[in-house]
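My structure is below; once you've seen it, I'll send some questions.
The values are calculated or read from the model by the stated rules, or taken from the named source; none is laboratory data. Keep in mind it's a predicted model, so treat the numbers as computed, not measured. Here the Cβ positions follow ideal geometry from the backbone for every residue, glycine too, while neighbour counts run over all protein chains shown. Side chains included, ligands, DNA and RNA excluded: accessible areas come from the protein's heavy atoms. Shrake-Rupley method; radii C 1.70, N 1.55, O 1.52, S 1.80 Å.
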Amino acid sequence: MMRLELVKRPQRSALFSVLSPFIAFALTMIAGAVLFALLGVNPLEAFNIYFIQPVSEVWQLHELAIKAAPLILIAVGLSVCYKANIWNIGAEGQFILGGIFGSIIPVLFPEFEGPLVLPLMLLLGMVGGALYAAIPALLKTRFSTNEILTSLMLVYVAQLFLDWLVRGPWRDPQGHGFPQTIQFGDSAVLPELMPDAGRANWGFVFALVAAIAIWLMMSRMLKGFEVRVLGSSPRAGRFAGFGFNKMVFFTFLLSGALAGLAGISEVSGAIGQLQPVISPGYGFTAIIVAFLGRLNPLGIVAAGLVLALTYLGGEAVQSALGISDKVARVFQGMLLFFVLGCDTLIHYRIRLIGFAAPKLEAAPKLEEAR
Amino acid sequence: MSANHDRANLLEVRGLTKIFGTLTACDHIDLNIAKGEIHALLGENGAGKSTLVKMLFGSLEPNSGEIFWDGKAVNITSPGVAKRLGIGMVFQHFSLFEALTAAENIALSLNDGSPISTIAAKARALSYSYGLPLDPESLVGDLSVGERQRIEIIRCLLQTPQLIILDEPTSVLTPQEADKLFETLERLRAEGKSILYISHRLEEVKRICDRATVLRHGKVVGHCNPRQETAASLARMMVGNEVKAVVRAPAEGIETAPALLEIRGLTRKPATPFAIPLKNVNLNVRAGEVIGIAGVAGNGQGEFFEAVSGEVLQQDAGSVRIRGKDAGALSITGRRLMGAAFVPEERLGHGAAPRMKLSENLLLSRHATDGKSFVGSGGMVKNASVYSAAQRIITAMDVRKSAPDPEAAALSGGNLQKFIVGRELDRKPSVMVVNQPTWGVDAGAAAHIRQALIELARSGSAVLVISQDLDELFELSDAIAVMHNGELSAPLPIAEATFEKIGLLMGGAEPGHAEHTMETA
């Protein structure tokens, strides 16, 4: 008989912190192949449609960037929270509130035009996301509520609030009753990067800048050190003189602002108006992106592109093979599952042990003797 | 009763080896424990004592070697197997639930389904017959550390072990409580039970142990009869060379020196149901002197340290004064900026972040006081200067490590403690407060740390040392105060202090110290 044993490593393995996402990705592929086979589809063909075809042309890469931008923006913010051991699960809601706040100018003041409009919108979007994130932070620091629950529940509040806005007070009067706001004016639309090649807009640039800035903060600045200390050993953090409550607000406001920026970028860039639904679950998928990217902002850029591909692939298999696009969610879920599982390898070695027979025999004999 | 080599061996260990990565923690260890003997296991920290004991108790699997129990080869694969064989263990760190009663805690570990009342009755009977009175119905949270140890011992005895392993049992006891424990151990020996006694207190070992096995760097360096050795000769075997004695130059002109740390009427309500309230604590530590605070663990020392360090703020700003200024309302960072430095009891997770490098752990306590040299414009950390400062401390304190800048958790306890103390000494603080400066640190490193603290004081700083180790306090201090149940006695000048006097104060004997009137909130 054999058994597996986890043996703690004296130091975390640098090799496996790099390898673990790749192992997780491979395991996801294997599980995905089984899944497709069970659905009666040739896995190789499905993989081709899912992962290769959606990125075989330049305009498709632009679509990938559009999907990846909000994922990366949100995930780098979340990575700071999670490093501090603070669990903001409500980025989806902060994304929506960012979209709503940023839309105040183009929806309520459509006649206000010029180069100031867009920066103001982006700023308002960040303020909206940050304010919405401040609610769970306040509840946690004042009443010790669990931020996982409050931030998650606030997502549904945000979704319903947006739904009410676009059906009620903000509905386009000339919109034939469709639940949507007016189309944003030209100066309120986030410009495309290379209009001739594809639709990718400045949102992707924001994402890259945010990733590099947060990477600098986390690896080089005292603030990043504070986040890491409080996250890994809170008592040592208190000994260092770092305040935990301040950290709760800092991480929530930062991640909320980035989610809000992602929200207004999506609304202003990819959609061009507010609709009842403005996100295919970016705020939740970003959690997977953050962990797949090892909570490292640069890793998150790569992970964001991978997860963006699962969205595009999901749409592709739906149209080509008639499989529900929910398969994208399944892939995302499996990926997170395997990533978290493989992280064990960073701190533990797996050892195979064969049972030696005498071990089992010695003890009972003695018990009989007594 | 003396060692008798003809008697049958209860436990025989042959060539037991355990390898962690590149480190051979135990290297072909041979050990015999006869029936009815108290056998000492001596060695510095990191000598392999805990690894050896963990293999005997089944929590670690040896790489090679054999264990014979009553002459038969056995494979101890888990603590459960060890218990069934008849090996019991009393750990240095208790594993008790504070919110449960003694009997409930015992029931949890016996796990044989017998009703609590039966277990309580058995425990009570056993505890009285061994002279370790214990009320099984009392909540663990209400008990002193000595009483908690009794629970652990009773819990172990209830499993009728033939071999009892005790890991540093007296480190949490007053001298008087330790005497009681020794009587119990001698009774157990008279009944024919064997005891493996791990300690670094050589006087104790000489007093109660029949034989000793000495480990150094994972190897057995000798077996001896401790009664025929001197404490110095035992220490030499453990360390491999002479331990330098700590030199304490007489403190001069202390009476007229200014008090750099003043505690005035410090009172603190318990923060948790099991915390000790501080009651009107008063103390002055003057420039140039070392004051020691003795006391059995869990009598408010931790609460006191938190209040003095500023991890917890005081309502009365004047209750803690540093260099003549009120500091009670300042955070730990504010107090550090006034010239104070702190070393907490717990190394990993409090004094240092385990998964961070030593250089990062330097930044941990000095990011504000050394802001100019460690943090540049825009909050960027100057990694190069932090790194070189860390290396400077590593050299000054002789910190031994496996990599240039390893994670704190990768260091042995003693080496990490040298780094943590050195980190603060490097600042030349004018007030230094240290909780358990050499807890679990080997003799050589402990002497180094103690000498450094005395020298800091003699150079004009005020040093306050909280410790459970009386030998250490007598070596270091110019005066010793005793903390009992949240109250602090007046400091006794070292010339007047004796073990007996301090021991009685630790037990709460001073008038005004009520005997065990612990309120539970």
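Please state the relative contact order of chain B as a whole percent: Cα pairs under 8 Å, 6+ residues apart?
Answer for chain B is 15 percent.
So, taking all protein chains as they sit and a 1.4 Å probe, how much accessible area belongs to B:Arg248, in Å² rounded to tens?
About 80 Å², ignoring ligands and nucleic acids.
Okay, moving on. Show me, for segment B:227-236, the HN-Hα J-couplings you get by feeding each phi into the Karplus relation (A = 6.51, B = -1.76, C = 1.60, θ = phi - 60°), rounded to Hz, glycine and proline as x.
For segment B:227-236, the Karplus curve yields 5, 8, 9, 9, 4, 5, 6, 5, 4, 5 Hz.
222 nm [θ] for chain A, helices only, -39500 (n - 2.57) per DSSP H run of 4+, per residue, to 500?
The per-residue figure over chain A is -22000 deg cm²/dmol.
Hey, what did segment A:27-128 get for relative contact order, percent, Cα under 8 Å, at least 6 apart?
After rounding, I find 17 percent.
Continuing with the same structure: Kindly identify residues of segment A:235-265 having a loss of at least 40 Å² in accessible area between the isolated chain and the assembly of all protein chains, probe radius 1.4 Å.
Those are A:Arg235, A:Ala236, A:Arg238, A:Phe239, A:Ala240, which lose 40 Å² or more relative to the chain on its own.
Taking 45 Å as R0, compute the FRET efficiency from the Cβ-Cβ separation of A:Glu57 and A:Gln174 and round it to 0.05.
0.80
How large is the accessible surface per residue of the protein assembly as shown, computed with a 1.4 Å probe and reported in Å² as a whole number?
Value for the protein assembly as shown: 42 Å² per residue.
Leaving ligands, DNA and RNA out of it, work out the accessible area of A:Lys8 with a 1.4 Å probe and give it in Å² to the nearest 10.
Accessible area, nearest 10 Å²: 110 Å².
List the residues of segment A:267-304 whose backbone N lies under 11 Å from a point placed 7 Å from the Cα of A:Arg167 along the Cα-to-Cβ direction.
Residues A:276 fall inside that zone.
With charges set only on the Cβ (+1 for Lys and Arg, -1 for Asp and Glu), what does the dipole of the protein assembly as shown come to about its Cα centre, in debye to the nearest 20?
1060 debye
Here's another thing I want to ask about it. Would you mind giving the total buried accessible surface between chains B and A, with a 1.4 Å probe and ligands, DNA and RNA left out, rounded to the nearest 100 Å²?
Counting protein atoms only, the buried area is about 3100 Å².
Report the far tail of the P(r) of segment B:304-459, meaning the percent of Cα-Cα pairs longer than 23 Å.
That fraction is 36 percent.
Next up: Which number do you get for Rg(Cα) / (2.2 N^0.38 Å) in chain B?
So chain B has a normalised radius of gyration of 1.01.
Provide a whole-number value for the mean count of partner chain Cβ atoms within 10 Å of the Cβ atoms in peptide B:360-367.
Per-residue shielding by partner chains comes out at 4.
Would you mind giving the average projected area, over all directions, of the Cα convex hull of segment B:348-428 in nm² with one decimal? Provide the component values of the computation, followed by the final result.
Details: hull surface 19.6 nm².
Over every viewing direction, the Cα hull of segment B:348-428 projects on average to 4.9 nm².
Can you tell me which of A:215-223, B:70-78 comes out highest on packing, and rank the rest after it, using the mean Cβ neighbours within 10 Å?
Ranked from most to least packed, the peptides come out as A:215-223, B:70-78.
Run the Debye formula on the Cα coordinates of segment B:9-239, all scatterers equal and no solvent, and tell me log10 I(q)/I(0) at q = 0.07, 0.16, 0.17 1/Å.
-0.22, -1.14, -1.27
Another question about this same structure. For A:Glu5 and A:Ala31, what is the calculated FRET efficiency with R₀ set at 30 Å and r taken between the beta-carbons, to the nearest 0.05?
Given R0 = 30 Å and the Cβ-Cβ separation, E is 0.75.
Give, ordered by residue number, each residue of segment A:177-224 whose 1.4 Å probe accessible area is reduced by a minimum of 30 Å² on adding the remaining protein chains to the chain alone.
Residues shielded by partner chains are A:Arg220, A:Met221, A:Leu222.
Something else now. Taking each pair of distinct Cα atoms in chain A once, what is the resulting Kirkwood hydrodynamic radius in Å?
Its Kirkwood hydrodynamic radius stands at 22.4 Å.
May I ask you to compute the full-extension gain from B:Arg207 to B:Asp398, defined as 0.36 nm times their residue separation minus their alpha-carbon distance, rounded to one decimal in nm?
Length gained, B:Arg207 through B:Asp398: 65.4 nm.
Starting from the Cα of A:Ser219, step 7 Å along the direction of its Cβ; do the same at A:Ile148; then give the gap between the two resulting points in nm.
Output for this residue pair reads 3.0 nm.
Still on this structure, I have one more. With every protein chain kept in the model, how would you rank B:Ile19, A:Ile105 by accessible area, 1.4 Å probe, largest at the top? Intermediate values should be presented prior to the final figure.
Working: B:Ile19 75, A:Ile105 15 Å².
Per-residue accessible area, sorted high to low, gives B:Ile19, A:Ile105.
Mind checking the mean number of beta-carbon atoms from other chains within 10 Å of the Cβ atoms in B:350-356?
Mean shielding by partner chains, rounded to a whole number: 6.
Per-residue ellipticity at 222 nm for chain B, helices alone: DSSP H runs ≥ 4 residues times -39500 (n - 2.57), over residue total, nearest 500 deg cm²/dmol? Write out the running numbers ahead of the final one.
Values: 17 runs with 170 residues, N = 521.
The per-residue figure over chain B is -9500 deg cm²/dmol.
How well do other chains shield peptide B:76-85, expressed as the mean number of their Cβ atoms within 10 Å of each residue Cβ?
3
Can you tell me the Rg and the Dmax, both Å, for the Cα atoms in segment B:142-266?
19.8, 60
Now a separate question. For segment A:1-123, I need the span (max minus min coordinate) of the C-alpha atoms along each principal axis, in Å, sorted largest to smallest.
The principal-axis extents, from largest down, are 76, 43, 24 Å.
Any idea which of B:Thr24, B:Gly86, B:Ala102 is furthest toward the positive side of the dipole for segment B:9-239, if Lys and Arg beta-carbons carry +1 and Asp and Glu beta-carbons -1?
With unit charges placed on the Cβ atoms, the residue in question is B:Thr24.
For segment B:9-239, which whole percent of the accessible surface, found with a 1.4 angstrom probe, sits on carbon and sulfur atoms?
Here it works out to 52 percent.
May I pose another question? At 0.36 nm per residue, minus the direct Cα-Cα distance, what do B:Thr17 and B:Gln228 gain on full extension? Give it in nm, one decimal, please. Before the final figure, lay out the partial values.
Details: separation 211, 0.36 × 211 = 75.96 nm, distance 2.94 nm.
In short, 73.0 nm is gained.
Can you tell me the alpha carbon radius of gyration of the protein assembly as shown divided by the globular rule-of-thumb value 2.2 N^0.38 Å?
After normalising by residue count via 2.2 N^0.38 Å, the value is 1.12.
Per 5 Å bin, what is the whole-percent P(r) computed from every C-alpha pair distance within segment B:256-350?
With 5 Å bins starting at 0, P(r) equals 3, 13, 23, 26, 21, 11, 3, 0, 0.
B:Arg187 versus B:Ala329, label points 7 Å from Cα toward the beta carbon: distance in nm?
Taking the simple label geometry, B:Arg187 and B:Ala329 are separated by 5.7 nm.
Same structure, new question: Express in % the proportion of alpha carbon pairs of segment A:182-257 at distances exceeding 17 Å.
61 percent
With no solvent and one point per C-alpha, what does the Debye sum give as log10 I(q)/I(0) for segment B:25-157 at q = 0.11, 0.13, 0.23 Å⁻¹?
Ignoring solvent entirely, the Cα scatterers give -0.48, -0.66, -1.35.
Determine the principal axes of the Cα atoms in segment A:173-301, then give the extent along each, sorted from largest to smallest and rounded to whole angstroms.
Its Cα atoms span 62, 33, 26 Å along the three principal axes.
I want to check the label-to-label distance for A:Ser324 and B:Leu504. Put each point 7 Å from Cα in the C-beta direction and report it in nm to one decimal.
Simple spin-label model gives 8.1 nm for this pair.
Distance from a point 7 Å along Cα→Cβ of A:Ala14 to each backbone N in segment B:387-408: keep the residues under 16 Å and list them by number.
B:402-408
Find the percent of Cα-Cα distances in segment B:188-237 that exceed 18 Å, and round it to a whole number.
Here the tail beyond 18 Å accounts for 28 percent of pairs.
Over the protein assembly as shown, what is the percentage of antiparallel beta bridges among all DSSP beta bridges, to the nearest 5?
60 percent
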